[in-house]
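So the structure is just underneath, and the comments pick up after that.
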């Protein structure tokens with residue numbers, strides 16, 4: 001896994017433990033370089049603002065770090081797994097973005113009540129099949145953390161799932177499939 005573009009372009013990020021080891025699969029499933037490159041190309045083409053980013057279900061932090069590399073802003077990372085939170089902190093150190101990133105080691109539904117906004121870009125990569133993810137993202141879309149005029153919400157999900165036409169007050173504007181993954185963009 002590497003940073004695709006921007007000031008940290010080419011930097012290698014640490015990924016989750018080897019999934020073949022017992023128990024390691026519960027930590028995180030990183031977004032592939034191909035999917036990240038396609039996603040950020042779409043965000044660039046629509047003029048998305050990377051100044052105040054929220055990376056939910058952050059895993060390794062690759063999505064938020066990619067946004068930091070492409071913009072001159074800050075990113076809040078939300079991840080409930082302690083091992084993944086430590087991985088995000090290590091990846092922020094590797095890329096030199098420690099002062100621009102804050103890691104919140106807690107469930108997304110709790111973070112929505114505690115974070116400050118508004119965020120210009122929300123990146124969400126919940127575990128596939130997580131029944132609580134869509135209701136949490138719907139709550140986020142109706143919260144003070146985002147504004148319909150300035151915010152973009154990105155949801156990575158299984159390509160087997162059809163994207164929702166809306167998340168709260170945000171409408172689907174783009175959806176792309178890449179193998180087993182799909183990325184849906186709401187504005």
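The values are calculated or read from the model by the stated rules, or taken from the named source; none is laboratory data. Computed from a predicted structure; not experimentally measured. We place every Cβ from the backbone using ideal geometry, glycine too, and count neighbours over all the protein chains shown.
General observations
- Residue identified as part of a loop (DSSP other than H, G, I, E, B) and either buried (at least 22 other Cβ atoms within 10 Å of the Cβ) or touching a residue at least 40 places away in the same chain (Cβ under 8 Å) (or both) among 145, 137, 123: 145
- Of all residue pairs spaced 6 or more apart or on separate chains, those with beta-carbon atoms under 6 Å, a first member in the stretch 1-20 that is over 14 Å from residue 61 (Cα atoms) and a second member that is modelled with pLDDT of 90 or more and part of a loop (DSSP other than H, G, I, E, B) are 9/3.
- In the stretch 99-120, the residues that are touching a strand residue (DSSP E or B) at 6+ places or on another chain (Cβ under 6 Å) and either surrounded by fewer than 17 Cβ atoms within 10 Å (Cβ to Cβ) or at pLDDT below 95 (or both): 102
- Scanning the stretch 110-120 for residues being under 15 Å from the mean Cα position of the chain (by Cα) and either more than 24 Å from residue 175 (Cβ to Cβ) or in contact (Cβ under 8 Å) with a residue 60 or more places away in the chain (or both) gives a total of 3.
- Hey, residue 177 over 13 Å from residue 56 (Cβ atoms), without any contact (Cβ under 8 Å) to a residue 60 or more places away in the chain and touching a helix residue (DSSP H, G or I) at 6+ places or on another chain (Cβ under 9 Å) or not: no
So that you can scan it fast, the table gives a plain yes or no per residue for (1) surrounded by fewer than 17 Cβ atoms within 10 Å (Cβ to Cβ); (2) under 20 Å from residue 48 (Cβ atoms):
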{"residue": "141", "(1), (2)": "no, yes"}
{"residue": "149", "(1), (2)": "yes, yes"}
{"residue": "152", "(1), (2)": "no, yes"}
{"residue": "158", "(1), (2)": "yes, no"}
{"residue": "163", "(1), (2)": "no, yes"}
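- For the stretch 14-25, the count of residues that are surrounded by fewer than 21 Cβ atoms within 10 Å (Cβ to Cβ), modelled with pLDDT of 90 or more, in contact with a strand residue (DSSP E or B) (Cβ under 9 Å, 6 or more places away or on another chain) and more than 24 Å from residue 172 (Cα to Cα) is zero.
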